[in-house]
Every structure is written in structure tokens, then in C-alpha cells.
Amino acid sequence: MNASLSGRAASLYTMLALGYAFLYLPIVLLVIYSFNASRLVTVWGGFSTHWYAELLHDDKVLDAAWLSLKVAVVTATGATVLGTLASVLLVRFKRYPGSTLFAGMVAAPLVMPEIITGLAMLLMFVAMEQTIGWPAGRSMTTIVIAHITFCLSFVTVVVRSRLAQMDMSLEEAAMDLGARPLKVFLVITLPLIAPALMAGWLLAFTLSVDDLVISSFVTGPSATTLPIVIFSKVRLGVSPEINALASVFVAFVGCAIALGGTLSRKQD
């Protein structure tokens with residue numbers, strides 16, 4: 001019996017190790033080869049930080065990275081605000097005229113192919129520009145609007161699940177004591193759903209930074225996001241500079257996860 005359990009445990013640990021290797025070994029190799037002195041990404045030419053120096057002097061990549069970060073912050077904030085309002089409407093006001101249609105419209109971007117969403121947003125922006133003159137051309141504004149539309153559904157799913165599980169007796173007690181609905185929402189509801197809001201914000205931020213398909217439809221020469229720049233560079237061949245850029249993002253994400261875990265443990 002013990003031998004059987006030991007063999008099963010060994011098999012499970014082996015499968016777990018293979019799964020982690022499949023997920024994270026390519027990232028580890030990418031980070032290692034970002035310090036490769038050779039221009040060939042598959043041939044090790046010695047340790048060097050040359051490509052990080054090249055990255056710091058590549059204005060096109062730096063401008064695209066800065067634009068992507070700004071777009072992601074604005075998108076995540078806007079999607080979190082709108083997604084929270086949509087979640088409150090869906091959970092607290094379950095039945096009203098058009099509730100089914102509204103729920104379907106909120107969930108539609110989750111199953112809609114990104115290429116369809118991007119094309120629809122492009123046609124909408126062109127029609128708006130011809131009708132009211134705004135937005136003028138494709139710029140950061142069009143990217144933010146498209147990304148908020150896309151990320152709103154994901155934030156709504158996260159926040160809605162937390163609201164549905166929340167105990168409403170606390171809100172009811174506060175209103176019985178004379179608190180107005182807005183104050184109840186700000187003082188009681190928001191702190192209780194704060195972890196879901198943070199999760200939704202981070203999810204929207206990640207989706208915005210990572211998006212390529214929708215951005216390629218709604219961007220213009222004056223606003224090029226980082227995924228578009230990386231895609232254009234990779235089409236000509238992978239450069240160690242791209243490995244260095246990806247390593248910087250891996251380090252940034254790792255620090256953000258560590259910081260979030262530390263703050264979560266302190267709150268507990």
C-alpha cells in the first residue's frame with residue numbers, strides 16, 4: 001500500500017515538474033539569452049549586457065513602451081470604474097426592462113473574436129469622425145476607448161462574482177442606521193470588494209499591454225503600442241534586444257506580483 005502511494009506521489013510530482021518546466025523554462029531561457037553577446041539568439045557568444053544598453057537607446061521601443069503603459073493605466077482605471085457600475089447593476093437590480101439585453105452586451109466581448117471587435121471599432125471611429133469630427137484620426141484616444149470596451153467585460157465578471165457572494169446584511173444594517181446608499185457603497189461595499197477591484201484592474205492592465213489585434217486596427221502612425229513594435233521587429237527575425245525587453249517586463253511583473261503578495265499578507 002505504501003509503495004503504491006509513493007509511486008503515485010512520484011508520478012504526480014513528475015507531472016507537476018514537467019508542467020512547470022513547459023510553462024516557465026522558455027521564459028528562463030529567454031532571460032538567459034538576453035545576456036548573450038552574440039547577435040544570434042540561438043548561439044551563445046558569452047555574457048554581455050550589450051543588448052540592454054541597445055534597448056535604452058532605442059527611442060522607438062521606449063516611446064512605444066511608454067505609450068502602452070499610459071494606455072494600460074487609463075484603460076484599467078476606466079474599465080474598473082465602468083465594470084464596477086455594471087456589476088452593481090447586474091447584481092443588485094436583477095430585473096428591469098432590457099436587463100437581459102444589457103447582460104448579453106456586457107458579456108459579448110468575452111466570446112467575440114478580437115479581429116471582429118477591432119474591425120467594428122475602426123468602422124465606428126471612422127463613422128464618428130465623418131459625422132461629428134471626433135476622434136480626429138487614430139491616436140491614443142481611440143486605443144483607450146477600444147481597450148476599455150474590450151476589458152470592461154473581464155472586470156465585470158470578476159467584480160460581479162464578488163458582489164454576488166457578499167453578505168448584504170452589512171449594507172442593510174448601515175441603511176437602517178440612517179446611512180445614505182452612496183455612503184454605504186463608499187464606506188462598506190467598496191472596501192469589501194477591494195480585492196476583486198484590484199484583481200480586475202490588474203487583469204485589464206495585462207490585457208491592454210498584451211493586446212495586438214485590436215490595437216492594430218485602431219492605432220495610427222502617431223500612436224504605436226509596444227506589441228505592434230515587437231511584432232514588426234520579430235517578423236524580420238528575433239533580436240536579443242527583444243529578449244532584453246521581454247526580460248525587463250518579466251522582472252516588472254515579478255516585482256508587481258511580489259508586492260501584491262506582500263500587501264495581501266499584511267492585510268490578512
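The values are calculated or read from the model by the stated rules, or taken from the named source; none is laboratory data. Everything numeric here is computed off the predicted structure, so don't read it as measured data. Cβ: placed from backbone, ideal geometry, glycine included. Neighbour counts: every protein chain shown.
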Screening VAL158, VAL144 for residues that are of a type outside the set (Asp, Glu) and at pLDDT 95 or above leaves only VAL144
Given the criteria more than 20 Å from the chain's Cα centre (by Cα), over 30 Å from GLU172 (Cα atoms) and of a type outside the set (A, V, I, L, M, F, W, C), does THR49 qualify? yes
Filter the stretch 167-183 for residues that are among the aliphatic types (A, V, I, L, M) and loosely packed, with under 10 Cβ neighbours inside 10 Å; the one that is farthest from LEU85 (Cα to Cα) is LEU177
The condition of being touching a residue at least 60 places away in the same chain (Cβ under 8 Å) and either under 22 Å from the mean Cα position of the chain (by Cα) or assigned to a helix (DSSP H, G or I) (or both) holds, among SER161, SER215, only for SER215
Within the stretch 16-56, of all residues that are in contact (Cβ under 8 Å) with a residue 60 or more places away in the chain and farther than 9 Å from PRO240 by Cβ, the one surrounded by the most Cβ atoms within 10 Å (Cβ to Cβ) is LEU55
For the stretch 83-112, pairs from a residue that is surrounded by 16 or more Cβ atoms within 10 Å (Cβ to Cβ) to a residue that is in a loop (DSSP other than H, G, I, E, B) and of a type in the set (Val, Ile, Thr), with Cβ under 8 Å and 6 or more apart or across chains, are THR84/ILE193
Residue hits (the stretch 188-219; hydroxyl-bearing (Ser, Thr, Tyr), surrounded by fewer than 20 Cβ atoms within 10 Å (Cβ to Cβ) and either in contact with a Leu (Cβ under 9 Å, 6 or more places away or on another chain) or at pLDDT 90 or above (or both)) are SER216
Exercise. Just wondering, is there one or more residues in the stretch 140-147 that are of a type outside the set (A, V, I, L, M, F, W, C), over 30 Å from MET168 (Cβ atoms) and without any contact (Cβ under 8 Å) to a residue 24 or more places away in the chain?
Worked result: yes
